[in-house]
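The values are calculated or read from the model by the stated rules, or taken from the named source; none is laboratory data. What you see is a predicted model; the values in this text were computed from it and never measured. Heads up, the Cβs are rebuilt from the backbone with ideal geometry, glycines too, and the neighbour counts pull from every protein chain shown. What goes into the accessible areas is simple: the full protein's heavy atoms, side chains included, and nothing from ligands, DNA or RNA. Shrake-Rupley method; radii C 1.70, N 1.55, O 1.52, S 1.80 Å.
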Amino acid sequence: MLILGIDPGTAVTGYGVVRSEPRPTLVECGVIRTRPETPLPERLRAISDGVRELLARHRPDAMAVEAVFYARNVRTTIVLGHTRGVILLAGAEAGLPIHEYPPADIKKAIAGTGAATKPQIQFMLTKLLRLTRAPEPNDAADGVAAALTCALRAPLARALAGHPTVRGLGRGKGR
């Protein structure tokens, strides 16, 4: 399975493409950059065009997107929501299953703790993907981490999908 991982950002959107089988391997990573002085609608179009180009070039089987976090600045949170919107739309229009992971879940999947630091995530990415150095810049590494999280969770999700006692279990009250 080929997975496109995205770390949304209005100035810098990081991405990573990971092949999950036979063992996770990094195919490509990088960033989509926009200029702060460019009006927001044009920046969103540039991000959307960049994601669509990645989808067309790699033809992934799934997309993993870092879920929104709540910044102290409300405007930042709202603008990030716009960015995620154009990314999710591009994936949906491509007909991809889209997996969203909160930052703490990505950190836990990669480093074993939801409180992992960026250097710890980068170290683990080099080990798990057998790289000689961590993906750069940080935003690209975050996109790779999102894709790798999906790759690591996919076998379990497939196994649980048809299991009758697991289907329908979720986060109910009291959990």
What does the charge add up to near Gly5, with Lys and Arg as +1, Asp and Glu as -1, over the other residues with Cβ less than 10 Å from its Cβ? -3
If you average the alpha carbon positions of the stretch 116-133 and of the stretch 1-70, how far apart do those two centres end up, in angstrom? 19 Å
What Rg and what Dmax come out for the chain when only alpha-carbon atoms are used, in angstroms? 16.1, 53
For Met124, what accessible surface area do you get with a 1.4 Å probe? Give it in Å², rounded to 10. 50 Å²
For Cys150, Cys29, the accessible-area ranking with a 1.4 Å probe, largest leading, is Cys29, Cys150
Using θ = phi - 60° and the Karplus form 6.51 cos²θ - 1.76 cosθ + 1.60, what ³J(HN,Hα) does each residue of the stretch 51-67 get, whole Hz, x for Gly and Pro? 5, 4, 5, 5, 4, 5, 6, 9, 6, x, 8, 7, 10, 10, 10, 5, 6
Counting heavy atoms of the protein chains only and a 1.4 Å probe, report the per residue accessible area for the stretch 1-131 as a whole number of Å². 52 Å²
Sequence-distant residues sharing a close amide H with Ala67 (under 5 Å, placed H): Tyr101
By the scheme Lys and Arg +1, Asp and Glu -1, what is the net charge of all other residues having a beta-carbon under 12 Å from that of Asp139? -2
Relative to the compact-globule scaling 2.2 N^0.38 Å, provide the ratio for the alpha-carbon radius of gyration of the stretch 33-100. 1.16
Put Lys107, Lys118 in order of accessible area, largest first, 1.4 Å probe: what do you get? Lys118, Lys107
How many percent of DSSP beta bridges within the chain run antiparallel, rounded to 5? 65 percent
For the chain, what is the charge dipole size about the Cα centre, in debye to the nearest 20, if Lys and Arg each add +1 at the Cβ and Asp and Glu each add -1 at the Cβ? 580 debye
Using alpha carbons only, how many degrees (0 to 90, rounded to 10) separate the axis of helix 74-93 from the longest principal axis of the chain? 70 degrees
On the first, second and third principal axes, largest extent first, how far apart are the outermost C-alpha atoms of the stretch 118-157 in Å? 29, 19, 13
Accessible-area order (highest first, 1.4 angstrom probe) of the listed residues Leu131, Leu2: Leu131, Leu2
Among Phe123, His58, Ile3, flag the residue with its Cα farthest along the positive direction of the charge dipole of the chain, charges on Cβ as +1 for Lys/Arg and -1 for Asp/Glu. Phe123
Which of the GluC sites (Glu not before Pro) across the stretch 34-76 are loop residues per DSSP, with 10 or fewer other Cβ within 10 Å? Glu37
Within the chain, what whole-number % of the accessible surface is contributed by carbon and sulfur, with the 1.4 Å probe and all protein chains included in the calculation? 56 percent
Using 0.36 nm times the number of residues separating His58 and Glu136, minus their current alpha carbon distance, what extension gain do you get? 26.1 nm
Would you kindly find the accessible area of Arg45, with a 1.4 Å probe and non-protein molecules such as ligands, DNA and RNA excluded, rounding to the nearest 10 Å²? 140 Å²
The ³J(HN,Hα) series, computed from each phi in the stretch 139-154 with the Karplus coefficients 6.51, -1.76 and 1.60 at θ = phi - 60°, rounded to the nearest Hz and given as x for glycine or proline, is 5, 5, 4, 5, x, 4, 4, 5, 5, 5, 4, 4, 4, 6, 8, 4
